[in-house]
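The values are calculated or read from the model by the stated rules, or taken from the named source; none is laboratory data. None of the values given here were measured: they were computed from a predicted structure. A quick note on method: Cβ atoms are made from the backbone with ideal geometry, for glycine too, and the neighbour counts reach across all protein chains shown. When the accessible area is computed, the model is the full protein with side chains, heavy atoms only, and any ligands, DNA or RNA have been set aside. Shrake-Rupley method; radii C 1.70, N 1.55, O 1.52, S 1.80 Å.
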Amino acid sequence: MLKQLLTITALLITTIISYGQEVKKEGETFKTKMDAFASKTGSLMRFVDTKLPNMKTSYIGAETRIRKISRGSINGYFYQIVKKGQYSNTTASIEYSDLIEVLKAVKALKAEVGNDIAANPDYMENKFVTDDGFQVGYYVEKGKAKWYITLEKYGSDNTLFIDNADIIDEAFTAAKNKIDELKIIK
């Protein structure tokens with residue numbers, strides 16, 4: 001009787017655990033909006049870059065540009081920030097609708113930073129993250145806020161530190177304005 005009870009319990013536990021496991025499909029990878037737009041096969045694709053001024057960061061400058069991708073009659077616009085590395089570059093590609101959301105988030109974060117500094121936490125982080133993993137925000141430590149952007153969801157050496165939020169706000173506003181201008185020109 002005890003042996004049957006233990007066997008049934010073991011089977012129940014195994015069944016519950018196996019249903020709770022996520023099964024990752026073989027070859028399944030994370031696709032950004034840029035990857036999804038640019039990976040369509042069977043059609044002509046054109047990439048056109050428009051350079052913008054470098055973004056001023058605390059340690060090194062980051063190149064910025066607008067990349068227009070044309071696939072037939074469909075156009076996609078992405079704000080790209082490139083951090084040059086010793087061996088490779090890290091690039092964020094922020095789709096236009098995400099760029100609008102990032103601008104809203106930066107304004108909201110700028111409104112909150114003063115209160116967060118005044119709270120004087122040991123450490124506190126406040127950030128906005130897009131679906132593609134791009135992050136913009138700040139952390140508060142020792143009574144000071146330090147702004148940053150994280151370019152890619154995965155990897156290392158993909159963070160840029162920025163002296164103040166106005167630099168981020170100005171760079172992203174300039175990118176939005178340039179995309180608006182390019183949309184009119186087509």
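Descriptive notes on the structure:
- Label positions at residue 45 and residue 70, each projected 7 Å from the Cα along the C-beta direction, are separated by 1.6 nm.
- What the Cβ-Cβ distance of residue 166 and residue 101 gives, at R0 = 25 Å and to the nearest 0.05, is a FRET efficiency of 0.85.
- Too-long pairs where the Cα-Cα distance tops 22 Å, listed order kept, from 107/127; 144/178; 153/183; 68/178; 110/183: 144/178; 153/183; 110/183
- Carbon/sulfur fraction of accessible area - the stretch 33-184, other protein chains in place, 1.4 Å, %: 50 percent
- Rolling a 1.4 angstrom probe over the protein heavy atoms with all chains in place gives the stretch 33-184 an accessible area of 55 Å² per residue.
- The gain in end-to-end length when the residue 159 to residue 58 segment is fully stretched comes to 35.3 nm, 0.36 nm per residue minus the alpha carbon separation.
- Average Cα contact separation per residue, the stretch 65-186, under 8 Å, 6 or more apart, as relative contact order %: 20 percent
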